[in-house]
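One structure below.
The values are calculated or read from the model by the stated rules, or taken from the named source; none is laboratory data. Everything quoted here is computed from the prediction, not taken from an experiment. Every residue, glycine among them, receives a Cβ derived from its backbone with ideal geometry; neighbour counts consider all protein chains shown.
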Amino acid sequence: MAVFVGACLHSPSVPESFGACEHARYARYFRPVACDRWLFWEASMGILRFLFRAVVSGQSHAKKQKRRQGNQRPTSANRGNQPFRLPVFPEVGEFKGKCHVIDGDTIVIKRTKIRLAGVDAPEIDQPWGQKAKWAMVELCKGHVVTAKLNGERSKDRLVATCYLPDGRDIGAELIKQGLALDWGHFSGGRYRHLEPKGVRRKLRQAHLR
C-alpha cells in the first residue's frame, strides 16, 4: 500500500510514446483519481474497523460488569440500608422460630420484625433501654419463640404476643422485671397489674432526661 500511495503522490509511469499533451492529461486525471479512491477506501475501512472494535469492546465491558455485580456480596453498609421484608408470614396466625432481639419490645424471627403487643419498653438510647434489651436476650436465648399475630402493624413491624416454650408471655415477664410498661391503649390494661410499684414513674422520668 505504501508503495502504491508513494507512486500516486509522485509522478506516475507514463508510456514514452505519449506526447506532451497526452502526458499532461494522464498526470492531471489519472493520478488524483486513483490516489483519492484508494485513500477514501483506506479511510472508510479504518473507520469501520474502529467502530467494530468499539462495539465489541463495549459489549465485553458490559458483560464483565454484569458478572462482577452478580458475584458481588452485599456489604454491611448496603445491608444496613435494606429494609426488612414485610411480611414473610401472614399478618394473622402464628409462627415459631429462634429470635434475634432488637430492643426491649422488638424481636426478629426469620427475618420478620415483631413488636410485642401492648408492651412499651425504653428505646436503646434511653436510660434502661440497654438493660431492657439484655433482659429480653436472657429470656429468649436458646428458645424457640411462638409469635401469635393479631393482624396489626407498627411501622415496619408485625404486632404479636410472643411466648416461650413453657407458655410464659415474654412481654409479661419483662414488665414483671420493671423494664417495660403496660401500654393500655393497645393491651386493654392486660399487663397493668404486673408492673412493680413505682416503675411507671421511674421509666417515665428516665425518658424525660
Worksheet item: For the range 137-171, what are the residues that are of a type outside the set (Lys, Arg) and more than 19 Å from LYS113 (Cα to Cα)?
Response: PRO165, ASP166, GLY167
Worksheet item: In the range 145-193, what residues are touching a helix residue (DSSP H, G or I) at 6+ places or on another chain (Cβ under 7 Å) and in a helix (DSSP H, G or I)?
Response: ILE170, ALA172, GLU173, LEU174, ILE175, LYS176, GLY184, ARG192
Worksheet item: So is GLY142 assigned by TED's automatic domain parsing to the domain that holds ARG204, part of a loop (DSSP other than H, G, I, E, B) and more than 29 Å from LYS202 (Cα to Cα) or not?
Response: yes
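Which ranges mark the strands (runs of 3 or more DSSP E) fully within the range 71-135 that have 2 or more residues being exposed (fewer than 15 other Cβ atoms within 10 Å of the Cβ), assigned by TED's automatic domain parsing to the domain that holds HIS193 and modelled with pLDDT under 90?
Details: elements: 92-97, 99-103, 106-109, 112-116.
Output list reads 92-97.
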